[in-house]
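Down below is the structure, laid out as structure tokens.
The values are calculated or read from the model by the stated rules, or taken from the named source; none is laboratory data. Small disclaimer: the values here were computed from a predicted structure and weren't measured. FYI the Cβ positions are ideal-geometry reconstructions off the backbone, even for glycines, and counts take in every protein chain you see. All accessible areas refer to the heavy atoms of the entire protein, side chains included, with ligands and DNA or RNA removed. Shrake-Rupley method; radii C 1.70, N 1.55, O 1.52, S 1.80 Å.
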Amino acid sequence: MATMRLDLRGLNCPEPVLRASRAIREVEVGDALVLECTDPLTTIDIPLFVSRAGHLLERQERQDGLLVFTIVRSK
């Protein structure tokens, strides 16, 4: 599985979701997109985006004040 990493630190809603939406198109089906965010609202927005887009939110965690989401492209 290949992984693409996207640094979204310092960006506020809705920018992280918009950029994730564009980036997931560059990821092959079955590969992962890792988002690094600082906006607390991404804990709501990213899971909602992933669910609506039909992808898999493999992992959501907090690392040293950073919100990290791992999305696997499903379609």
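At a glance:
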read-out: Long-range neighbours under 7 Å by Cβ, at least six apart or interchain, first residue closer than 15 Å to ILE44 by Cα within the range 3-27, second open to solvent by less than 40 Å² (accessible area, probe 1.4 Å) and basic (Lys, Arg); value: none
read-out: Matching residues, the range 2-44, being open to solvent by less than 40 Å² (accessible area, probe 1.4 Å), part of a helix (DSSP H, G or I), of a type outside the set (A, V, I, L, M) and within 13 Å of LEU67 (Cβ to Cβ); value: PRO16, THR42
read-out: Close pairs (9 angstrom Cβ cut-off, 6 or more residues apart or separate chains): without any contact (Cβ under 8 Å) to a residue 40 or more places away in the chain and within 16 Å of ARG25 (Cα to Cα) in the range 54-75, open to solvent by 90 Å² or more (accessible area, probe 1.4 Å) and not in a strand (DSSP E or B) anywhere; value: GLY54/LYS75; HIS55/LYS75
read-out: Filtered residue count, the range 48-64, keeping only those that are on the phi > 0 side of the Ramachandran plot and open to solvent by 90 Å² or more (accessible area, probe 1.4 Å); value: 1
read-out: Test set (1) closer than 15 Å to MET4 by Cβ; (2) out of contact with any Asp or Glu (no Cβ under 6 Å at 6 or more places or on another chain); (3) surrounded by 11 or more Cβ atoms within 10 Å (Cβ to Cβ) - LEU67 fails condition number; value: (1)
